[in-house]
Structures are given as C-alpha cells and as structure tokens.
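Below is one structure, written out as structure tokens; comments come after it.
The values are calculated or read from the model by the stated rules, or taken from the named source; none is laboratory data. Just so it is clear, the model here is predicted, and its values are computed rather than measured. Every residue, glycine among them, receives a Cβ derived from its backbone with ideal geometry; neighbour counts consider all protein chains shown.
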C-alpha cells in the first residue's frame, strides 16, 4: 500500500478533530468514513448523523496560501452539503494549521455560479488568524485554528 499526500493530510485533520473534541469535553464516539471522493471524509456521530468535510491542502508552510477549486470540487461540496447534517471545508495549510469553514462561510467566498476554476487565498501573519478571500467575496472575520473543534462540536451536538 502506498501512502499518498492525501492520506497524510487526511490523517492530520482526523488527529486534530479527535484532539480538539477531547479538549472540549466531547465524550461520545465518532467514526470516520470515506466521503464522496478521496477529497472528503465523513464524521459519523452516535446518532448515525454525518458531518461532511471536504479537504484542501498545500505543502507550503508559510502564508499566503492559494487553493484552487475546479467545477467538480464545488459540485462535490454541494453534494456533501445535501447529504450530510453539516458540511465543512478544511484548508490544511502545510504544517501551519487548519482553517475550517462552514458551508455558509464558503458561499461568501465562492457563490453558486461554479466557474471552471476559482481560487481561495488565505493570509496569516505570524501567530495571527487566517484571513480568507475568494473570487466572489471575503470573510469579514478571521478564522482561528481553535475553531475546528468548536464548529464540529456544534455540528455533532445540534
């Protein structure tokens, strides 16, 4: 079995999910399953509900980071949003950290008009927060590494 970069970055995300949920006191079990493609995972809670997470990653360790979305990526995210209780997009920024967006936050950056190729850029000053900007807009507030656990916990407990 060959280990791919995709496997490594999915593993990084899953370890961070488990660690963050544990630190927030989440004591129920979660199970990871493969998603709609190699680019996504599903987090299943004890009530058999799924959170879909679409994963984008870069090996680059310093800001700025750019993530390209082709039409197929956006269509898959749309499917995850329809099939799952909640849908998130995880941007693994090298060894720097993970910026997690909700589906609604993604729609502020990339609208429902899927172009052949669109881009989301992320900037972060040292020890600062992540600032995201996309083809169709930007987030008015920054995203922190700490939001990963909080956003997923809210999705698992609601």
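Computed quantities for the displayed model
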| quantity | calculated |
| --- | --- |
| Test: residue in the stretch 79-89 that is in a helix (DSSP H, G or I) and in contact with a helix residue (DSSP H, G or I) (Cβ under 6 Å, 6 or more places away or on another chain) | yes |
| Filtered residue count, the stretch 13-52, keeping only those that are closer than 15 Å to residue 89 by Cβ and touching a residue at least 60 places away in the same chain (Cβ under 8 Å) | 5 |
| Residue list for the stretch 1-30, restricted to those being under 25 Å from residue 104 (Cβ atoms) and in contact with a strand residue (DSSP E or B) (Cβ under 8 Å, 6 or more places away or on another chain) | 9, 10, 12, 13, 14, 16, 17, 30 |
| Filter result for the condition that a residue is under 15 Å from the mean Cα position of the chain (by Cα), at pLDDT below 90 and either surrounded by fewer than 13 Cβ atoms within 10 Å (Cβ to Cβ) or not in a helix (DSSP H, G or I) (or both), over 29, 46, 37 | 37 |
| Residue in the stretch 60-75 that is more than 21 Å from residue 155 (Cβ to Cβ), buried (at least 20 other Cβ atoms within 10 Å of the Cβ), modelled with pLDDT of 95 or more and touching a strand residue (DSSP E or B) at 6+ places or on another chain (Cβ under 7 Å) present | yes |
| All positions within the stretch 120-133 that are modelled with pLDDT of 90 or more and over 17 Å from residue 76 (Cβ atoms) | 121, 122, 123, 124, 125, 128, 129, 130, 131, 132, 133 |
